[in-house]
1. When you check ALA61 against the structure, is it farther than 12 Å from VAL26 by Cβ and of a type in the set (A, V, I, L, M), yes or no?
2. Give ALA79, ALA68, ALA48 a once-over and let me know the one that is surrounded by 18 or more Cβ atoms within 10 Å (Cβ to Cβ) and over 17 Å from LEU31 (Cα atoms).
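Nothing in this text is a laboratory measurement; each read-out follows from the coordinates by a stated rule. Just so it is clear, the model here is predicted, and its values are computed rather than measured. Cβ sites come from the backbone with ideal geometry, for glycine too, and all protein chains shown count toward neighbours.
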Amino acid sequence: MSAPREGAPDGAGTAPDPAQGPAEVVDARGLRCPLPVIRLAARAKDLAGGTEVSVVSTDPAAQHDVPAWARMRGHETVAVTKVSGDWTITVRLRRSDT
């Protein structure tokens, strides 16, 4: 896992800007374990390998649960950050041919 990215300045707590980060965002704010992982898994089914997906969650458990899910399925955790109470965990999906 890479070192966490630094928090965003103004506009903290918003979903990542597609021009600067993953095009796919799962907004799981307000949802408790295990729903952030369930929403991520459902979204990942429809995405190509190599796609980066960010889960934005207010549940502190997501910082552990999402990387654990990624590891168990062969995906890569790219970043884990916390800004203004929102955890953002970015996962790169494994290539479909591996």
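1. So ALA61 fits the description; yes.
2. Every option except ALA79 fails the conditions.
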